[in-house]
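The values are calculated or read from the model by the stated rules, or taken from the named source; none is laboratory data. If you're wondering where the values come from, they're calculated on a predicted model, not measured in any experiment. With ideal geometry, Cβ positions are generated from the backbone for all residues, glycine too; neighbour counts draw on all protein chains shown. Keep in mind that these areas ignore ligands, DNA and RNA; they rest on the heavy atoms of the full protein, side chains included. Shrake-Rupley method; radii C 1.70, N 1.55, O 1.52, S 1.80 Å.
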Amino acid sequence: MSKYYLFQDAKKCIGCHSCEVICKSNKNLPVGPKVCQILTIGPRLVDSVPKAAYIFMPCFHCEDPWCVAACPTGAMQKRAKDGIVFIDHDLCVGCKTCMSACPWGAPQWDPELGKAVKCDYCMDRVDRGLKPACVTICTTSCLHFGESNEIPAIRRERYAKAVAALD
Amino acid sequence: MEREVYSNCFMCSVRCPIRVIEENDDVKWIEGNPHVAGIDGALCPRGSAGMSLLKDQERVQTPMIRTGPRGSGKWKRATWDEALDYVADKMKKIIKKYGGQSVVLGERTQQSTHVSKTFLKAIGSPNHFTHDALCKGSVNTACRSLFGYTDSQMGVDMGNSKHIVLYGRNIMESIEVKPTRSVMKALDKGAKLTYIDPRVTVTATKAHRYWMIRPGTDLALNYALMHVIIKERLYDKPYVDRWVKGFQELQAFVQPYTPEWAEEETGIPAQEMITLARELAKDKPSVLFHFGYRGANNSNEIYLRRSIMILNTLMGSIESKGGFFFKKGPGEVGGKPARKLTEQKFPKIEAVRFDKVGTPDFPLPDPNHGLGQMLPAAILNEDPYPIKALIVYRFDPLMSIPDNSLTLEALKKLDLVVSIEINYSDIAWYSDVILPESMFLERTDCPRQANGLKPQMFLRRQVVTPRYDTRHGAIILKQLGERLGIGDYFPYNTIEDLVKWQLEGTGFCFEDFEKKGFVAYTDKQIFWDRNDGIKLKTPSGKIEFVSSLLENAGFESFPAYEHFPSPPKNEFRLVVGRCALHTHVSTQNNPYLNEIVSENKLWINSSQAANLGISDGSLVTVASSRASGNIKAYVTDLIHPEVVFMLHGFGHQGERGTRAFNKGISDALLQENISDMIGGSPALHETLVTVKPA
């Protein structure tokens, strides 16, 4: 597991896809690969109120990544200092094994490059003290990034306010 | 070497402040301007796709002159001199034969609108119009009838609101970054959200209360809310006593409009209306009924928009924290706004406007914007006079004016059609000459006066050199003006010269914008005193429920409500709207945005679809009195059975925009060109359509 945690505050997400678009702009990707993606489930009526879920799917940067184990060339790597899982494109031969291995479909195909691409938490940005592209520009600031224990306790605070009922 | 540039986005008309990183004449990064409170770095999906517009090879790359019949797609590339000479020669002949008024220029309002207005005034034409009326002409008129201010002179303090009521204002898909974030902020602080729409949108999924109202009946709902608020004395009495003219007339008028009556009309249970009115009263005056962004649904639109603002007034939420406020300009703190070229002296123009705004035909719509939807009839009937040339600037009459075939028929009568455009839009494709404009990352622009609680001024700055042989619209019009002998009205050679000229006297200069992208005239929020200091601009100095603007023009302030009929069996009202990925008709060909939403679909209620033998995803034929087309069906319970819905802006016909070409269909094809003849908006939601399997 990388030492980072990317938290989506689903209550604030409006499914606008800006995260997806800035990710592609920042990585200069062609049409096709979606390194991160918003999936909309619903809307449907829940107790006669319409509800929908907007689920953010980047790479989870696993502790023991299936993709790294499966990669035959050593292109897919886990960065020693912080556990970010990334692809060294000099070593990638475009065999797609990582795409088969990942249970969540995180590695994507770049048809122009002829190689796999994936979320690397924008590690070039992280190394400069910035946040990943998606987190930086999120329309409603529903995405949060940091070291795993430093993410604000948004859901606990919201729940506490709701049960306190001081008004 | 990286360079930071503060600028304004222009993927849509909201023009959010941005911070751009440039390196080696390339754009590396765009984010929302982190120095602007309420933006805090955020960027919507269209803004996030700005870099792909910069690089898009399907933009118009050089001036183009048509060589085949109109719309045939036969073009020759031209130099700027060739294209401008060609347009100027044609215009000279037209002006000589038919007069300056035979030239019309239509655009979407922008920072250099004062340049295009100058261009027309200088050639002696009163015929500048903007897209505004097509979107919200009646909202503008409604606000002037009550307050003496236009809708765009009023703002909404949503972040501090305790209860927000939205009538189809789909603020989580039709995104303006700052207001959208304000709503999220208010919700975080415990505000309630009530959303009213015949269709479930993303906003509906975030609301505490959602009403699937019968389409076209929002006005009945509002009259019933007023009835309850007045009957139960839930209104802000001191505020109403101090500021309102015509309260008693309203009280008498809404007396028959009970919640039970409105339940029949709207389908919303009477008791729920009463509950809402009581809830709002508890939180007044920090509540707001949003007046909408687009307000162009029905032919009684002005009365719906007035009713919304009357409800706000009853709650005392006009000029209130968490409600509406009047936007404060630099003058409020002794500052000066940027100058405009329109402040020059021009020859007097005798001719009336082509749309007859300002005459007894249309006494009330705002002549600053005109009525674009009246253009086809004016051309076809040569009424009030022949129109022979049309210049469109960032505006597409073929997709934005209802009834595309009528518009096309009218354009055929013109001797000259010129587009100032970035993309191969439908109107560019149909034009005689395309004069390609630089996109927002390639140009500096005129200052943007941002009035509000704290008046500010923003500046768009050029980040990189233009990718293609394009120019700024204000330079294009100047160079055309020089060829027409009106060059003296454009005292600049570059946009930077023009900006310097505009900033003279404001006390600010270019360099002041470099640090944060904007300058502020004050650092304190200005609210007028609600007891005594609201500077209303109506003749009475009050909020005019009984409106002198309306009554002096021969219209009623409170006409009796007319039942809005359900469609005949197997027919539907066509309603239209937006998604987060696209701006009106201009972004459908963007590679990244098109990848996510590439075509529109027809939403239809499940039970109606079952009756008609339509399955989800199947191709259907949708037909109105004007046209028909094929589109994929989206079958869902989450839309009212009386309507079908489609996204606006699809079905493009400009073949060189290959990604959007012929994808989905255009709502303007099906819509009838009918309007609210008092307020000025088109009635985009009144057209009836049939739907059957294709």
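Decide, for region B:324-377, between rounded, prolate and oblate: order the square roots of the alpha carbon gyration tensor eigenvalues as a ≥ b ≥ c, take rounded if a/c falls under 1.5, and otherwise choose prolate if a/b is larger than b/c, else oblate. Each step should come with its number before you reach the end.
Working: a/c = 3.03, a/b = 1.64, b/c = 1.85.
Because a/c hits 1.5 or more and a/b fails to exceed b/c, region B:324-377 counts as oblate.
Name the shape class, rounded, prolate or oblate, that the alpha-carbon gyration tensor gives for region B:281-339, where a ≥ b ≥ c are the square roots of its eigenvalues, rounded holds for a/c under 1.5, and otherwise prolate holds if a/b is larger than b/c and oblate otherwise.
It comes out oblate by the Cα gyration axes.
Does region B:163-292 come out rounded, prolate or oblate, given a ≥ b ≥ c as the square roots of the eigenvalues of its C-alpha gyration tensor, rounded meaning a/c under 1.5 and, failing that, prolate meaning a/b above b/c?
oblate
Using modelled backbone amide H atoms (1.01 Å from N, in-plane), which distant-in-sequence or interchain residues come within less than 5 Å of B:PHE395's amide H?
B:ARG108
Sort largest first and round to whole Å: the equivalent ellipsoid semi-axes of region B:530-674, each the square root of five times a Cα gyration tensor eigenvalue.
Numbers: eigenvalues 296, 108, 45 Å².
Each semi-axis is √(5λ); the values are 38, 23, 15 Å.
Check B:ILE543: other-chain or 5+ apart residues with amide H under 5 Å from its amide H, H built from backbone geometry?
B:VAL244, B:LYS245
Quick check: Cα centre of region B:596-630 to Cα centre of region B:497-517, how many Å?
52
Which values, in whole Å and largest first, are the semi-axes of the equivalent ellipsoid of region A:38-109 obtained as the square root of 5 times each eigenvalue of the Cα gyration tensor?
Semi-axes from the Cα gyration tensor: 34, 13, 9 Å.
Tell me the relative contact order for region B:120-235 as a rounded percent, counting alpha carbon contacts under 8 Å between residues six or more apart. It would help to have the intermediate numbers written out before the result.
Numbers: 106 pairs, mean separation 19.7, N = 116.
17 percent.
Rounded to a whole number, what % of the accessible area of the protein assembly as shown do carbon and sulfur atoms account for, probe 1.4 Å?
50
Where nothing but the Cβ of Lys and Arg (+1) and of Asp and Glu (-1) is charged, how large is the charge dipole of chain A around its Cα centre, in debye to the nearest 20?
Values: 21 positive and 17 negative charges, 69 e Å.
Here the size comes out at about 340 debye.
Using alpha carbon centroids, what distance separates region A:132-149 and region B:230-288, in Å?
That distance is 42 Å.
Please report the projected area of region B:235-384's Cα convex hull averaged over all directions, in nm².
Its Cα hull, projected and averaged over all orientations, spans 14.2 nm².
When Cβ neighbours within 10 Å are restricted to other protein chains, what is their mean count per residue of peptide A:44-54?
Details: counts 5, 4, 1, 0, 1, 7, 14, 5, 7, 1, 2.
Mean partner-chain Cβ count within 10 Å for A:44-54: 4.
Step by step: find N for region A:1-81, compute 2.2 N^0.38 Å, then divide the Cα radius of gyration by it. What's the final number? Each step should come with its number before you reach the end.
Values: Rg = 16.3 Å, N = 81, 2.2 N^0.38 = 11.7 Å.
Dividing the Cα radius of gyration by 2.2 N^0.38 Å gives 1.40.
Viscosity 0.692 mPa s, temperature 37 °C: Stokes-Einstein D of region A:56-97 from its Kirkwood Cα radius, in µm² per second?
Calculated translational D: 305 µm²/s.
Need one number for region B:243-294: average projected area of the convex hull over its C-alpha atoms, nm².
Result: 5.3 nm².
Per residue, what volume in Å³ does the Cα convex hull of the protein assembly as shown take up? Numbers along the way, then the final one.
On the way: hull volume 147.9 nm³, N = 861.
Measuring per residue, one finds 172 Å³ for the Cα hull of the protein assembly as shown.
Please tell me the relative contact order of chain A in percent, rounded to the nearest whole number, where contacts are Cα pairs under 8 Å and at least six residues apart.
28
How many angstrom separate the Cα center of region B:663-694 from the Cα center of region B:349-374?
Taking the Cα centre of region B:349-374 as reference, the centre of region B:663-694 is 23 Å away.
To the nearest 20 Debye, how big is the dipole of region B:147-238 about its Cα centre, given +1 on the beta carbon of each Lys and Arg and -1 on that of each Asp and Glu? Write down the numbers at each step before the final one.
Numbers: 14 positive and 9 negative charges, 63 e Å.
Using Cβ point charges on Lys, Arg, Asp and Glu, region B:147-238 gives about 300 debye.
Go through region B:280-288 residue by residue and turn each phi into a ³J(HN,Hα) via Karplus (6.51, -1.76, 1.60, θ = phi - 60°); whole Hz please, and just put x for glycine and proline.
5, 4, 5, 9, 5, x, 8, 10, 8
Return one quarter of the surface area of the convex hull spanned by the alpha-carbon atoms of chain B, equal to its mean projected area, in nm². Write down the numbers at each step before the final one.
On the way: hull surface 113.1 nm².
That works out to 28.3 nm².
Among the aspartates and glutamates, select those whose C-alpha is under 16 Å from the C-alpha of B:LYS500, and discard any that sit fewer than 8 residues away in the same chain.
Excluding near neighbours in sequence, the set is B:GLU343, B:ASP445, B:GLU511, B:ASP512, B:GLU514.
With θ set to phi - 60° and the Karplus curve 6.51 cos²θ - 1.76 cosθ + 1.60, what are the ³J(HN,Hα) couplings of region B:333-341 in order, to the nearest whole Hz, using x for Gly and Pro?
With coefficients 6.51, -1.76 and 1.60, one gets 10, x, x, 10, x, 4, 5, 10, 4 Hz.
Quick check on my link table: of B:LYS178/B:LYS282; A:LYS24/A:LYS115; B:LYS117/B:LYS542; B:LYS185/B:LYS524; B:LYS284/B:LYS542; B:LYS97/B:LYS478, which ones sit more than 25 Å apart, alpha carbon to alpha carbon?
Check vs 25 Å cut-off fails for B:LYS178/B:LYS282; B:LYS117/B:LYS542.
If you take each beta carbon of peptide A:23-36 and count the beta carbons of other chains within 10 angstrom, what is the mean?
For peptide A:23-36, the averaged partner shielding equals 3.
Just order B:610-617, B:393-400 by mean Cβ neighbour count inside 10 Å, highest at the front, would you?
So the peptides B:610-617, B:393-400, ranked by packing, come out B:393-400, B:610-617.
Over the C-alpha atoms of region A:50-167, what are the Rg and the largest Cα-to-Cα span, Dmax, in Å?
17.8, 62
Explain nothing, just compute: Karplus ³J(HN,Hα) = 6.51 cos²θ - 1.76 cosθ + 1.60, θ = phi - 60°, for every residue of region B:88-93 in order, whole Hz, x for Gly and Pro.
So the J values, rounded to whole Hz, are 5, 4, 4, 5, 4, 5.
Taking the Cα centre of region B:13-104 as the origin, how large is its charge dipole in debye, to the nearest 20, when only Lys and Arg (+1) and Asp and Glu (-1) carry charge on their Cβ atoms? Please list the in-between numbers first.
On the way: 16 positive and 12 negative charges, 193 e Å.
With only Lys, Arg, Asp and Glu charged at Cβ, the dipole is about 920 debye.
Do any of B:LYS74/B:LYS388; A:LYS81/A:LYS131; A:LYS34/B:LYS76 go past 27 Å between their Cα atoms, and which?
Details: B:LYS74/B:LYS388 22 Å; A:LYS81/A:LYS131 17 Å; A:LYS34/B:LYS76 38 Å.
The pairs that break the limit, which is 27 Å between Cα atoms, are A:LYS34/B:LYS76.
FRET efficiency for B:ASP361 and B:GLU382, Cβ-Cβ distance as r, R0 = 25 Å, nearest 0.05?
About 0.95, to the nearest 0.05.
From largest accessible area down, sort B:TRP501, A:TRP66; use a 1.4 Å probe on the protein chains.
Most to least solvent-accessible, the answer reads A:TRP66, B:TRP501.
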